[in-house]
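Shown next, in structure tokens, is the structure this report addresses.
The values are calculated or read from the model by the stated rules, or taken from the named source; none is laboratory data. Remember, predicted model here, so these are calculated numbers, not experimental data. All Cβ positions, even for glycine, are placed from backbone atoms using ideal geometry, and neighbour counts span all protein chains on display.
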Amino acid sequence: MNEELETSKEELRPTNEELTTTIEELRNRIVELAAINAELDRTRIASEKARSYADIIIETIREPLAVLDGGLRILRVNSAFSQNLEIAREDAEGRLLHEIDGGRWNIPALRQRLGAVLSRAQPLEDWEVALDFDRQGRRVLSLSARMIPGDSDRTDLMLLEFVDATAHANVTAGLLADGERKDQFIALLGHELRHPLTAITHANYLLKRSNPDPTAAKLLETIDTQTQILLRFVNELLDVERIGRGLVEIQREHLDLVAVARHAIDTLKPRIEERGHALSVVLPAAPVHVRGDSGRLSQVIANLAENAMKFTEPGGQIAITLEQRGDVAVLRVRDSGIGMAAEDLKRVFEPFTKARNPLASASSGLGLGLSLVRQILLLHRGGITATSDGLAMGSEFVVTLPALAADTVADSSSERPTGPPSPPATLRTRRVLIVDDHEEVGKSVARIVRAWGHEVALVRDGPSALSIAERFQPERAIVDLSLPGMSGIELARRLREVFPPRQLYMIALTGYAGADISAACLAAGFDVHLVKPGQMALLETLLGAERPDSETDSR
């Protein structure tokens with residue numbers, strides 16, 4: 001028995017050792033499991049805290065939020081969603097977006113954009129929609145969406161945000177309305193300012209025509225100069241407003257920029273000489289061909305030259321050069337005037353900009369000339385830069401325009417200016433019908449026309465014009481567009497039904513400018529559109545000359 005017991009002990013010893021090892025392994029496993037459980041507890045607690053933290057953030061956000069699945073089913077919304085969108089949480093969660101709130105959100109364009117967010121991870125940014133709510137009335141909501149990428153345990157989701165953009169939309173609408181009212185005011189102001197300026201211009205013209213004594217002639221010249229300055233201010237104000245609204249069209253034709261520059265400079269030479277400026281002009285002998293509007297490009301050159309005169313003391317220097325560099329025409333206007341500070345260079349082409357230079361005159365204009373120059377050049381696909389070495393160091397403006405290669409320049413004789421034709425110099429007296437509801441302007445136009453020897457019939461409205469035309473049989477008509485009861489456009493149509501072009505030449509003389517106005521006038525039957533006060537020499541020629549297409553003389 002003892003031997004058997006000893007044998008059994010020997011046999012049990014390895015087993016005890018194995019059990020001891022197993023127990024030790026189990027003890028280690030228990031320790032590891034305890035550690036894992038502790039880590040899981042910490043992770044669970046951290047996850048619960050994170051979710052609670054996220055819930056607090058989501059619920060605190062004032063903008064409505066919604067989490068949607070791939071089928072656009074709402075999984076969760078925040079409190080702001082219910083409060084701001086007037087939808088109870090229980091009526092939103094678990095339902096499709098386009099089904100909630102009686103189908104208010106069943107918007108095909110929105111569903112298409114949200115589908116793109118999920119299918120192509122293409123974010124939705126500030127997509128606006130206007131809706132009518134029961135308690136809050138009409139609102140504009142801006143929607144943004146981002147995809148929430150999924151994993152092995154969760155599919156892709158989407159977070160949709162609703163931002164109330166009603167106030168912003170109202171402000172924007174208000175600004176647009178204010179801008180429209182501003183544009184209307186500027187147009188009305190320009191139209192109304194032309195009335196007194198027309199009367200002044202015509203009266204001054206008649207007084208100068210009467211050969212006044214030298215002292216009176218100088219005074220009349222001063223009146224004429226200042227009136228032209230006022231007219232330029234009005235024209236610049238209207239030009240800037242119309243170009244900003246895209247209402248100005250450039251009449252493109254093949255031009256020799258050298259000829260345009262020479263004509264503009266020659267027109268300004270008397271004023272430059274009057275101020276005692278030393279003018280240097282360097283123009284190439286060969287033509288510099290560009291495609292553009294001769295009148296507008298001449299305006300660019302004139303504005304730059306006048307700007308140089310304005311800010312250069314009498315006796316100073318003004319240099320104008322033009323050259324072609326490859327496919328670019330370069331015009332430079334440099335002066336020895338008051339110069340510009342660095343901060344002024346940055347904003348010199350902005351509308352209504354006035355130099356903060358202490359050397360600048362307080363009465364240096366409206367600050368529109370350079371802005372107008374830049375906008376005209378942009379319409380010609382050109383540009384302009386300004387440089388100055390500082391105060392009292394002069395300034396330089398550099399204009400660039402696309403130049404045409406010599407082999408692409410078409411025969412300029414095939415392209416004619418769109419302005420009125422130049423009738424023969426031989427003039428004759430006419431029967432002239434004048435229609436203008438502004439009493440003083442109508443009288444001033446009548447005085448001018450009578451001074452040229454014509455017979456005049458003056459009326460103030462369309463029906464009276466039609467009535468008197470039957471017995472007066474006018475050969476020329478000068479018609480304003482703003483007439484009571486019947487517009488000048490309608491009057492022109494009615495007159496043209498009775499009087500063919502060879503019998504009656506109609507001139508629209510109005511305070512409204514622009515290519516759209518000119519087109520409407522021509523379509524109504526007018527032969528030419530002039531802006532008040534009108535060019536006296538041109539108006540005199542149009543009244544007295546034979547029509548270019550006239551075949552008979554009715555004298």
Going through segment 510-538 in order, the residues found to be free of Cβ contacts under 8 Å to residues at least 40 places away in the same chain, under 15 Å from Leu238 (Cβ atoms) and in a helix (DSSP H, G or I) are Ile517, Ser518
Of those in segment 444-466 that are part of a loop (DSSP other than H, G, I, E, B) and touching a Leu at 6+ places or on another chain (Cβ under 7 Å), the residue nearest to Gly525 (Cα to Cα) is Asp461
Output for Cβ contacts, cut-off 8 Å, separation at least six or different chains, first residue under 20 Å from Ala109 (Cα atoms) and assigned by TED's automatic domain parsing to the domain that holds Arg113 in segment 123-149, second part of a strand (DSSP E or B) and polar (S, T, N, Q), reads Pro123/Ser144; Leu124/Ser144; Glu125/Ser144; Asp126/Ser142; Asp126/Ser144; Trp127/Ser142; Trp127/Ser144; Glu128/Ser142
Taking segment 263-272 and keeping only residues that are over 22 Å from Glu323 (Cβ atoms) and surrounded by 11 or more Cβ atoms within 10 Å (Cβ to Cβ), one is left with Arg271
Exercise. Asp480: at pLDDT 90 or above, within 28 Å of Glu192 (Cβ to Cβ) and among the acidic types (Asp, Glu), yes or no?
Worked result: yes
Within segment 279-335, residues being buried (at least 18 other Cβ atoms within 10 Å of the Cβ), of a type in the set (A, V, I, L, M) and out of contact with any strand residue (DSSP E or B) (no Cβ under 9 Å at 6 or more places or on another chain) number 1
The residue that is farthest from Arg347 (Cα to Cα), considering only those in segment 371-388 that are among the hydroxyl-bearing types (Ser, Thr, Tyr) and surrounded by 17 or more Cβ atoms within 10 Å (Cβ to Cβ), is Ser388
Picked from segment 467-509 (must be in a strand (DSSP E or B) and free of Cβ contacts under 8 Å to residues at least 40 places away in the same chain), the residue nearest to the chain's Cα centre (by Cα) is Ala508
Being of a type in the set (A, V, I, L, M, F, W, C) and assigned by TED's automatic domain parsing to the domain that holds Leu143 narrows Leu72, Leu19 down to just Leu72
Sole miss for Val409 among (1) modelled with pLDDT of 65 or more; (2) under 29 Å from Ala515 (Cα atoms) is condition (1)
Residue pairs within 7 Å by beta carbon, gap of at least six or interchain, first lying in segment 329-351 and touching a residue at least 40 places away in the same chain (Cβ under 8 Å) and closer than 11 Å to Thr312 by Cβ, second hydroxyl-bearing (Ser, Thr, Tyr) and part of a strand (DSSP E or B), listed first then second, are Asp335/Ser395; Gly337/Ser395; Gly339/Ser388; Gly339/Ser395
Residues of segment 503-555 being basic (Lys, Arg) and modelled with pLDDT of 90 or more, in sequence order, are none
Selection from segment 480-490 of residues of a type outside the set (D, E, K, R) and within 19 Å of Leu543 (Cα to Cα) yields Leu481, Gly488
Given the criteria modelled with pLDDT of 90 or more and in a helix (DSSP H, G or I), does Val260 qualify? yes
Restricted to segment 413-463 and to residues being among the hydroxyl-bearing types (Ser, Thr, Tyr) and surrounded by fewer than 14 Cβ atoms within 10 Å (Cβ to Cβ), the residue modelled with the highest pLDDT is Thr429
query: at pLDDT below 85, in contact with a helix residue (DSSP H, G or I) (Cβ under 8 Å, 6 or more places away or on another chain) and in a loop (DSSP other than H, G, I, E, B) - does that describe any residue in segment 42-62?
result: yes
Is it the case, given these coordinates, that Glu161 is surrounded by fewer than 14 Cβ atoms within 10 Å (Cβ to Cβ), touching a residue at least 24 places away in the same chain (Cβ under 8 Å), in contact with a Leu (Cβ under 9 Å, 6 or more places away or on another chain) and not basic (Lys, Arg)? no
